[in-house]
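The values are calculated or read from the model by the stated rules, or taken from the named source; none is laboratory data. Computed from a prediction, not measured in an experiment: that's the story for all the values here. Here Cβ is always computed from backbone atoms with ideal geometry, including for glycine, and neighbour counts include all displayed protein chains.
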Amino acid sequence: MSRAGRFGEEAMTAAMRQVADQLGVRADDARLLQLTNNAVFALPSEGIVIRIARTHRLRDRVRKVVELGRWFEQVDAPTIRLAEGIAQPVQAGDLIASVWQYLPPNSPAPAVEDLGVVLREFHALGPPPFPLPAWDPVGDARSRISEADGLSDDDREFLLSWCERLDEPVAALRRQDDSQLIHGDAHVGNLLRDRRGRVVLCDFDATCKGPWQIDLTAVAVGGVRFGRAEAHASMAAAYGYDVATDWYWPTLREARELKMIAAAAPILDSSDKIRAEFANRMQSIRRCETSAAWTPFATVQIFRDCLDHPITPPERSPH
């Protein structure tokens, strides 16, 4: 990721310091946790995390996660909490930020079994009393593809054709039950342990309404593509349902794999290793190789976003 530029590390650090000044807190020990769709900074001595959206098109998403954060506290959801006493979201020039309580590393690290238990509790909350966007994996993929300058014409055409083919199966799945609260990016990397030892979810950018099975799919697909069948089995046992036996599993799996490929399309030029893994995935899809091995993007470059993640990521951050 570039340090310079309008949304580069230097600009985001300046924006973080502007937010800290507005809040009246010190940023002496601030450290960058993540620089993807959001710039995420921990300020451990102040007990907060500042999360800044790096593009203007994500402004509505920041407002959504703030509204969710307030509701999560009201219903004691198994989630991280917004920082107390701060009017949110916070404006930093023409950027917008949310501020969360900082949770230092707390042993034992959450495991895939914890994810199954937490998701069961999260789904039991039901939808909040305010609108949420609908699960739309095909629309999200099309958006990513449109932003991808480094895509070849052939790959772009293939991905757009895939989107078109998935339109109706995804619509059929949504017609079954499109009203549940889902996290939208449920993996172990989005788990933290709070000061009481409770395992909680973080990162609500993708939180929406949709079929609850969506939240079980990432680990199940990882079981196939990353050789982690044991993680999938543990997740199914902890949640009480094996999504790979679901009637809609083929659609769920395809939607997840489309996301895992399309999400990398805009950043192909950032790394030769990212580009090589992208090509590997495209080849396996073109050849209908449903068991071909993939390598998590997070292991080939420090790039943590909604692509995919190791079962035990190298770092966790409340974001």
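Only one of the listed residues (L268, L216, L258) is of a type in the set (A, V, I, L, M), touching a Pro at 6+ places or on another chain (Cβ under 7 Å), within 30 Å of R59 (Cα to Cα) and crowded, with 17+ Cβ neighbours inside 10 Å. That residue is L258.
Show the residue pairs that are 6+ apart or on different chains and have beta-carbon atoms under 7 Å apart, the first residue being within the range 29-51 and more than 18 Å from A14 (Cβ to Cβ), the second being of a type in the set (S, T, N, Q) and in a strand (DSSP E or B). If the second residue must be of a type in the set (S, T, N, Q) and in a strand (DSSP E or B), the pairs left are G47/Q101.
Residue under question is V117, and the condition is that it be under 27 Å from W249 (Cβ atoms) and either of a type in the set (S, T, N, Q) or touching a Pro at 6+ places or on another chain (Cβ under 7 Å) (or both); does it hold? For V117, the condition - under 27 Å from W249 (Cβ atoms) and either of a type in the set (S, T, N, Q) or touching a Pro at 6+ places or on another chain (Cβ under 7 Å) (or both) - is not met. Between A171, A141, A134, the distinction of being loosely packed, with under 14 Cβ neighbours inside 10 Å and under 17 Å from the mean Cα position of the chain (by Cα) belongs to A134 only.
Does any residue of the range 200-210 turn out to be in contact with a Leu (Cβ under 6 Å, 6 or more places away or on another chain), in a loop (DSSP other than H, G, I, E, B) and of a type in the set (F, W, Y)? The answer is yes, given that some residue of the range 200-210 is in contact with a Leu (Cβ under 6 Å, 6 or more places away or on another chain), in a loop (DSSP other than H, G, I, E, B) and of a type in the set (F, W, Y). I want to confirm something. Restricting to the range 95-127 and keeping residues that are small (G, A, S) and part of a loop (DSSP other than H, G, I, E, B), which single residue is surrounded by the most Cβ atoms within 10 Å (Cβ to Cβ)? So the residue we want is A111. Out of (1) within 18 Å of the chain's Cα centre (by Cα); (2) closer than 21 Å to P129 by Cβ, what's the single condition that is false for R51? All conditions are met except number (2).
Which of the following residues is in the same structural domain as F122 (by TED's automatic domain parsing), without any contact (Cβ under 8 Å) to a residue 12 or more places away in the chain and among the small types (G, A, S): S234, S161? Sole residue among the options that is in the same structural domain as F122 (by TED's automatic domain parsing), without any contact (Cβ under 8 Å) to a residue 12 or more places away in the chain and among the small types (G, A, S): S161. I'd like to check which helices (runs of 4 or more DSSP H) are fully inside the range 229-319 and have at least 3 residues that are modelled with pLDDT of 95 or more. So the answer is 229-239, 249-262, 272-286. Of the residues making up the range 8-57, those that are β-branched (V, I, T), under 20 Å from D94 (Cβ atoms) and buried (at least 21 other Cβ atoms within 10 Å of the Cβ) are V19, V40, I50, I52. Residues that are charged (D, E, K, R) and either over 18 Å from I50 (Cβ atoms) or out of contact with any His (no Cβ under 8 Å at 6 or more places or on another chain) (or both) within the range 68-104 comprise R70, E73, D76, R81, E84, listed in sequence order.
So for the range 169-177 (the condition being in the same structural domain as V221 (by TED's automatic domain parsing) and farther than 30 Å from F72 by Cβ), does at least one residue qualify? Yes, because at least one residue in the range 169-177 is in the same structural domain as V221 (by TED's automatic domain parsing) and farther than 30 Å from F72 by Cβ. Under the condition of being of a type in the set (A, V, I, L, M), under 26 Å from D269 (Cβ atoms) and in a loop (DSSP other than H, G, I, E, B), which residue from the range 128-171 is modelled with the highest pLDDT? Looking at the filtered set, the residue picked out is L151. Answer yes or no: is there a residue in the range 177-199 that is surrounded by fewer than 23 Cβ atoms within 10 Å (Cβ to Cβ), of a type in the set (V, I, T) and not in a helix (DSSP H, G or I). Yes, that holds for at least one residue.
Check whether at least one residue in the range 68-86 is touching a residue at least 40 places away in the same chain (Cβ under 8 Å), surrounded by fewer than 14 Cβ atoms within 10 Å (Cβ to Cβ) and either outside any strand (DSSP E or B) or in the same structural domain as L192 (by TED's automatic domain parsing) (or both), and report yes or no. The answer is yes, given that some residue of the range 68-86 is touching a residue at least 40 places away in the same chain (Cβ under 8 Å), surrounded by fewer than 14 Cβ atoms within 10 Å (Cβ to Cβ) and either outside any strand (DSSP E or B) or in the same structural domain as L192 (by TED's automatic domain parsing) (or both).
Against the test of being at pLDDT below 95 and over 14 Å from V200 (Cβ atoms), the options R59, R51 yield a single qualifying residue, R59. The residues of the range 160-199 that are touching a Ser or Thr at 6+ places or on another chain (Cβ under 6 Å) and among the aliphatic types (A, V, I, L, M) amount to a single one, L173.
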